[in-house]
1. Is there any pair with a first residue in region 88-114 that is under 12 Å from Ala75 (Cβ atoms) and a second that is surrounded by 13 or more Cβ atoms within 10 Å (Cβ to Cβ) and among the charged types (D, E, K, R) whose Cβ atoms are under 8 Å apart and which are 6 or more apart or on different chains, and what are they?
2. Would you check if Ser155 is part of a loop (DSSP other than H, G, I, E, B), among the polar types (S, T, N, Q), open to solvent by less than 90 Å² (accessible area, probe 1.4 Å) and at pLDDT 80 or above?
3. Kindly provide the set of residues from region 46-70 that are assigned to a loop (DSSP other than H, G, I, E, B) and either open to solvent by less than 100 Å² (accessible area, probe 1.4 Å) or in contact (Cβ under 8 Å) with a residue 12 or more places away in the chain (or both), ordered by number.
4. Look through region 73-121, keep the residues that are part of a helix (DSSP H, G or I) and open to solvent by less than 40 Å² (accessible area, probe 1.4 Å), and return whichever of them is nearest to Ser154 (Cα to Cα).
Amino acid sequence: MNMVIRNTTGTVLGLLLALTVGAPAIADDTELLLVDPNNQVPKPNILLIVDSSGSMGTPEDTKEPFDTLAAYAGACDPTMLYWTEYDAVPSCAVTNTQMIAKTSFVCDAAAKQLAGIGIYSNKMAQYRKGSSGFFSIFLGIDEPRWQMLKGGYSSEIVECEKDRGKHGDGIN
């Protein structure tokens, strides 16, 4: 009988300890936000952070902001917008065919950003003839439709996803 009482007592104490240890710790932080009613001027809260990690020793390389009034020299044609599929500066080389005539670019959402900072990033589509796969080549489909941008089609209409159809270019 003593063995049963001892085992039961041990089990109950173990269960009680497990329940006590497993209980969530409850803290109330509202006192930090309250002002002491007896004290008219609250004490300032100051947090000082000293960062001595490796990134703090690296000099930061900055660039001059884009100036819309400045005339930039180079091989770029001022009547064209140059594009790339990657996060890189597009090339203005004569061999680059990834450009769009400014008159063919109908994305109004990009107009302000291009005039302001000189760069715009969004999904674009081009309204042009051309095959886009095996079935269109096999079936002889050559109707104009919205397609991914492709180099060499600088005079075809280009629209961005952000404002598609909002400015009334007449093409559904």
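1. Taking only residues 6 or more apart or on different chains, the pairs are Cys92/Asp77; Met99/Asp77.
2. The answer is yes for Ser155.
3. Within region 46-70, Asp51, Ser53, Thr58, Pro65, Phe66, Asp67, Thr68, Ala70 meet the criteria.
4. Ser104
The values are calculated or read from the model by the stated rules, or taken from the named source; none is laboratory data. The structure presented is a predicted model; accordingly, all values stated were derived computationally and were not measured. Every residue, glycine as well, gets a Cβ built from its backbone with ideal geometry; the counts of neighbours run over all protein chains shown. To get the accessible areas, we keep the full protein, side chains included, count just its heavy atoms, and leave off ligands, DNA and RNA. Shrake-Rupley method; radii C 1.70, N 1.55, O 1.52, S 1.80 Å.
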